[in-house]
Amino acid sequence: MKDNKPMDGAEYITLEDAKRLKLPYFEGLAAGFPSPAGDYQHESLDLNEKFVHHPEASYFVRIRGESMVGLGLFDGDICLADRSEEISDGNIVVAFVNGGLTVKTLDTSTKDQGYLRLMPANPDFKPIIIDANDQFIIQGKVTSVHRDTRKY
Amino acid sequence: MYAIIDCDNCYVSCERVFRPDLNGKPVVVLSNNDGCVVARSNEAKALGIKAGLPYYQLKERFPNNEITVFSSNYELYGDITDRVMSLVRKAAPTFYRYSIDEGFCDLSGMDSFPAAFHSSLKKWGEDLTAYIWKATRMPVSIGIASTKTLAKMASHYAKKYKGYNHCCFIETDEQRIKALEKYEIEEVWGIGRRYAARLQALGIKTALDFASHADTWVRATLNNVVAIRTWKELNGIDCIPMEDMSKRKSICTSRSFPGMVTDMDALRTSISNFAARCAEKLRKQESVAQTVSVFIDTNHFREDLPQYWNMAEERLLTPTNSTQQIVQTATRCTERIFRQGYHYKRAGVIVMGISPAGSIQTNFIDYDAERHEKMKRLDEALDKINREYGSETIVLGSQQYTKPGGKGKADVFKDSIKHDFRSPCYTTRWSDIPEAT
């Protein structure tokens, strides 16, 4: 147990424990007499349940810049990335490329020519070409995007 | 049948989760306060860096940043290992987490499955390690055997030899004997280094030497409960109950101070924080403690200064996990042992006599149901707020430092710990989530 001192002072929130937004699916009636709809009440809806399919494999990434605006990913948006999802051509992925993180659409159509392309969704940006000399590690598939729209 | 799951070089691997560029490179993690090396990647081990090496010596030996150094980031390690353990929990009938980076599965539910399934336990383990790596980027090893002690041994083999594909299954008796033969006695789980020396003096060098002694010899010669239990376990007789391992017997929160502490107020405040942390840990594992103990110590390397060490403990009438009660008790202990005129370097709080929270045996003189309920609700609220808004958002008055002009008092406690190379809390703080262009 040389490397493993007992855990000291770790506080953490797992995605499962994380604060959940519960939207009331059914408004209860005022107290006083039993609600005739009582038998039909459901659990409130839970955003985690809807969007976090694999909590252990998921993490949040903040989008910086304008390269993906064409797909609705804006500067400051928070994406959910899932490492356990299978990755295939056309997926929006988080990738570690030569020391930095990027979110792009994966294009494997040029695989036979010995390279891959990471496609932006903005004509002002060029595709990133990935060949054998690049450090390229896929860090998950982007599964949803979240934005506070109160500012509009 | 048992499986043990063990994270490989846990802290270093956690640091690599969001830094995949560090895979294959030497990485170390420093202790609290950046004092010395507590975790090393295989590459760092290969460079001859030993655990416990003081950071300043590491800097001297590798002045050109050849090694990536991190301060400990327990918030990150806690979250990443929680993910790993949660996946294991979903994959096995019964699971007990043993420490931050290892846990046991009781696979006995699986024993009743058809033989074909049984023989595929190795594949179960291999698939699980592969999935955990994919989902969390944590490399883990799995050992499977008929007893926990043998499973632990198997996990060592899984870690050591690539050929096992991260999972070693000691299935047949022949495999068991072979594994014991190559295993040094001091590496056996449950045999401490001191006890190993005693066994070595009796001519026992490997686990097999030990296990092949007769039952009568072990009883007559050793007469030690743990040794007899270990002997049985090595011979395939399952005798360590899960309950003995699922909860820690004592919890310690201690720190070296960045500078030295001379006044009672500062020391008492630090100790209040350590005590609060212990209470929080107790509640997290749904336990209560009977005894609170405090130690204080001066800096032994400063031979020019007078030295003092002392310890005090107090046994509570009713076991508790209440922050308020544990802090008060620890404060009383501190007041008993504090002496003016010394430079204190290290202090800590240990809570002992831990039992499940559900079964509090109430002492009828001391037990006040109403007060107990109130404190419980207060602690629940405290935990909830500190979980949602970050640790130490709300603290007791006694946990606050009274430095004049000090801002956000709880921060002073955190800021007083040195962590120059701390990585972001990628998964537990909105301000720290990774950014992508």
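The values are calculated or read from the model by the stated rules, or taken from the named source; none is laboratory data. As the structure is a prediction and not an experimental result, all values here were calculated from the model. Counting neighbours? That spans all protein chains shown, and the Cβs are built from the backbone with ideal geometry, glycine included.
Among the residues of segment B:365-418, the one identified as of a type in the set (Phe, Trp, Tyr) and either within 16 Å of B:Ala279 (Cβ to Cβ) or modelled with pLDDT of 75 or more (or both) is B:Phe413.
So for segment B:335-342 (the condition being polar (S, T, N, Q) and within 25 Å of B:Asn32 (Cα to Cα)), does at least one residue qualify? Before the answer, list the steps.
First pass over segment B:335-342, keeping only residues polar (S, T, N, Q): B:340.
Subsequent filtering for residues that are within 25 Å of B:Asn32 (Cα to Cα) retains none.
Within segment B:335-342, none of the residues are polar (S, T, N, Q) and within 25 Å of B:Asn32 (Cα to Cα).
Close contacts from segment B:378-390, counting a first residue that is over 16 Å from B:Glu75 (Cα atoms) and a second that is surrounded by 17 or more Cβ atoms within 10 Å (Cβ to Cβ), with Cβ to Cβ under 6 Å and a gap of 6+ residues or different chains, come to B:Asp379/B:Ser322; B:Asp379/B:Thr323.
Going through (1) over 23 Å from B:Ser86 (Cα atoms); (2) modelled with pLDDT of 50 or more one by one, A:Phe26 falls short only on (2).
Taking segment A:106-141 as the range and being within 13 Å of chain B (Cβ to nearest Cβ) and over 15 Å from A:Gly65 (Cβ atoms) as the test, the residues that pass are A:Asp134, A:Gln135, A:Phe136, A:Ile137, A:Ile138, A:Gln139, A:Gly140, A:Lys141.
Restricted to helices (runs of 4 or more DSSP H) entirely inside segment B:30-108, those with at least 2 residues that are closer than 28 Å to B:Lys281 by Cα, within 13 Å of chain A (Cβ to nearest Cβ) and at pLDDT below 95 are B:74-91.
Taking the criterion of being over 22 Å from B:Leu22 (Cβ atoms), within 9 Å of chain B (Cβ to nearest Cβ) and not in a loop (DSSP other than H, G, I, E, B), the residues of segment A:65-103 that qualify are A:Ile78, A:Cys79, A:Asp82.
Screening the candidates A:Gly99, A:Gly65 for the property of being at positive phi and at pLDDT below 95 yields one hit, A:Gly99.
The condition of being closer than 29 Å to B:Leu30 by Cα and at pLDDT 85 or above holds for only one of B:Val292, B:Val288, that being B:Val292.
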